[in-house]
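The block underneath contains the structure these notes are about, expressed in structure tokens.
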Amino acid sequence: MKRIAFYLLGLLFTVSSSFAQNPDPKYPNMDSFVKELMAKMTIEEKIGQLNLITPGGGIPTGEAVSTDVEGKIKAGNVGGIFGVYGPELVRKAQELAVKQTRLGIPMLFGSDVIHGYKTTFPIPLGLSASWDMELIKKVAEVAAVEATADGIFWNFSPMVDIAFDPRWGRVAEGAGEDPYLGAQVARAMVNGYQGNDLADPRTMMATVKHFALYGAAEAGRDYNTVDMSRNRMFNVYFPPFKAAIDADVGSIMSSFNDVEGIPATGNKWLLTDVLRERWGFDGFVVSDYTSVNEMIAHGLGDLQQVSAMSLKAGLDMDMVGEGFLTTLPKSLEEGEVTEEDINKACRRVLEAKYKLGLFDDPFRYVDEARPEKDILSDEHRAVAREVAARTFVLLKNENQVLPLNKSGTIALVGPLANNKNNMLGTWAPTGDPQLSVPILEGVKNLAGTESDVVYAKGSNISDDPEFAEKVNVFGTRIDIDDRSPEEMLEEAMTAAEKADVIVAVVGEASEMSGESGSMSNLSLLEPQKKLLRRLKETGKPLVLVLMAARPMTIEEEMELADAILLTWHPGVEAGNAIADVLFGDYNPSGKLTMTFPRNVGQIPIYYAHRTTGRPNEGDVFQKFRSNYLDVPNSPLYPFGYGLSYTTFEYSDVKLNKREFSAGGTLTASVTVTNTGKYDGHEVVQMYIHDMVAGITRPVKELKGFQKIFLEAGESRAINFKITEDDLKFYNYYLEYLAEPGEFEVFIGTNSEDVKQAQFSFR
Ligand code: NOJ
């Protein structure tokens, strides 16, 4: 290692006099350093830097895993590796690269750290429901501290794909349907992971993914084809990527799907024209898992052709498929790619390594003493508990059934009431389900001595063994009980008969969402529905704790239950956080970031839809208007929706002026009053509608929000400053500008329940 460090240090000094043309002010010596290093590299070594492998530790997300990992590293054929965890293994693997290859170039160590490393936080869709950017940033910071303690310093997160289709299982991994909120979350996560200094051993490089349009897969079926206008791309799907780039994200992952008929991984318009030329991205682009190879199945040619096409399009690193490694030498020989194409990609990968500080010390993220100190600390678990409670969304609370009293008998029933395996949620490969707190334990911890908690499972998540087998790929998520469904139901009824209140914990198993987790039916599965119908017969107050990783169609449950608390998959502190909210130690404040449909037929359903020429008014059927014969247009719960144990009243919207122009500001204000008995947080939301424009515009778009805390009885004036920027959009010609004219501003507690005012921009 010393030898390499000396060699590289020497290089640093010798090159410091040869100046780069446009040195990055943050890294004044990087350009010359990388140039000198590349001058020593053979073409094979350069191509080796573009190769990302996995030995298959962790969860392989495709059919292939890399072979002869050690041999390839020693041969200088590897630029990065993922699925290797812990300082010992990382040190061993890094030693192969720095001690046994000719130039000793260190490798990148990556992983999917999606919602926490070992301290697992709520699924990302849940995190977004907190509308709390400081909190989300904190989650990413904790994840970075834990991951780097285990030797991982390159993260395949955040996923910022906008999605309108809850059939798609990966909505769980994103921030929902809104580009404005999505952009804020993207920025918060990138800042949280990367901190102020990528070379800090407690921060990691982020990857924003999947570029682009992955969330628009037709019919919500994972990996499916996509087709959309450029206008929609720029106005809706791109903003979170742009925000991540503006926050200096280190890398970007291309997506599996095609974009205008060309797979994203080989799409030059996307990876070069938009990403590099339009947005000035200067990090590197990594493919998704074998997505270069998958261009063969897309019908774009053989491995050599698709690899050359991807490199030329602007892809820098090839994940697992080794198309670059095995075919680029031949393509170079045949003139299909140039040495400059390879140099460009190699330079970007080396620059990332430079920024991470690997050339100063390839082992800066390897410290055998850190895991013990930094992973799963009490402090991190406390953050996980607090964060989880803040993501829960109260969907219904008739007669103030919640919060529960800490007295009397509580029947805690349902297949997720005493379960560890589903608490972490999807895509938590570094977490350990066995460390999670089940709801029963959390409720007992908090219920106190005055109350009695009786438990019964009541039903399976699903009774269907074939379905269970598909869901149980990473371990048992759906366990089908030895007892008959009838026996379980009777046991639950016996518990319920004794109780003052019934709390039923129902929903989805964690692997019913996530990658390759698409569903066509978004209702609770039948055994759980049966359980709820029976429980209702008791006439006792019925509280639903709903664990879901996507919007579900729960019209029937909304009728059956007196209260519904949506908790997503809450992470390692699940039980404690849920108990905190059920007993009122924390007053729920989460708001939906995806619309909940009434039925699957309404999908795609989202609040920021564009106007039609025949809009439907109200929820009444009108012939020759845009509506359905069998269901109203309105959703079950709109975007931004979420109740509190207290109530908030909004005054009318006041404007400080009726019009403003470029360079000016207009202030829209409301007074929000906590009119209930509890202190609580509220997310005050501001939407704008461009009333006349050169293209059809959304009926409203989120343009601001503030999460505030009001004590019972307290009132506060909340101001939103509106500038030209808030009115800008991409027009027909993809120019980003504001058009003068009339606008509506709406402020309220969710996207439907708002107060309105009108202004002009001149
Ligand atoms: C495939 C997924 O699409 C991507 O999000 C993930 O980062 C890679 N697999 C690596 O696990």
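So if each residue of separation counts as 0.36 nm, and I subtract the Cα-Cα distance between residue 339 and residue 450, what length gain in nm does that give?
That works out to 32.4 nm of additional length.
As an exercise, take the mean of 1/r over every pair of distinct alpha carbons in the chain, invert it, and state the Kirkwood radius in angstroms.
27.2 Å is the Kirkwood radius here.
Compute and list, largest first, the equivalent-ellipsoid semi-axes of segment 517-663 from the alpha carbon gyration tensor, each √(5λ) rounded to a whole angstrom.
The answer is 32, 25, 16 Å, longest axis first.
Restricting everything to alpha-carbon atoms, can you work out Rg to Rh for segment 13-125 with a Kirkwood hydrodynamic radius? Spell out each step's value before the answer.
Working: Rg = 17.2 Å, Rh = 16.2 Å.
That ratio is 1.06, to two decimals.
Have a look at segment 383-591 and give its Rg and Dmax from the Cα atoms, expressed in angstrom.
15.6, 46
Ranking request for peptides 378-387, 683-692, 425-434: highest mean number of other beta-carbon atoms within 10 Å first, then the rest in descending order. Before the final figure, lay out each step's value.
Values: 378-387: 18.9, 683-692: 20.6, 425-434: 22.8.
The densest-packed peptide leads the list: 425-434, 683-692, 378-387.
Over the chain, what is the percentage of antiparallel beta bridges among all DSSP beta bridges, to the nearest 5? Provide the component values of the computation, followed by the final result.
On the way: 48 of 88 bridges.
So the antiparallel bridges amount to about 55 percent of the total.
Going by C-beta contacts inside 10 Å, put 132, 316 in order with the fewest on the left.
132, 316
Mind pulling the per residue volume of the convex hull built on the Cα atoms of segment 318-472? Å³ is fine. Display every interim value, and only then the final one.
Numbers: hull volume 37.6 nm³, N = 155.
With only Cα atoms used, segment 318-472 gives 243 Å³ per residue.
Any idea what diffusion coefficient segment 245-312 gets from Stokes-Einstein, in µm²/s, Kirkwood Rh on alpha carbon pairs, 37 °C, 0.692 mPa s?
270 µm²/s
Tell me the Kirkwood hydrodynamic radius of segment 648-761 in angstroms, computed as one over the mean inverse distance between distinct C-alpha pairs.
14.8 Å
Can you tell me which lysines have their Cα less than 29 Å from the Cα of residue 728? Leave out same-chain residues fewer than eight positions away.
List returned: 137, 209, 242, 268, 591, 654, 657, 700, 703, 707, 755.
Treat the count of other C-beta atoms within 10 Å as a stand-in for reagent exposure and order 636, 311 from fewest to most.
By the 10 Å Cβ count, ascending: 636, 311.
Within a 10 angstrom radius of the beta carbon, how do 598, 625 rank from fewest other beta carbons to most?
625, 598
Compute the separation of the alpha-carbon centres of segment 490-561 and segment 640-660 and state it in Å as a whole number.
Comparing the Cα centres of segment 490-561 and segment 640-660, I get a distance of 33 Å.
None of the figures in this text is laboratory data; all of them are computed from the coordinates on show. Remember, predicted model here, so these are calculated numbers, not experimental data. As a convention, Cβ positions derive from the backbone with ideal geometry for all residues, glycine included, and neighbour counts pool all protein chains shown.
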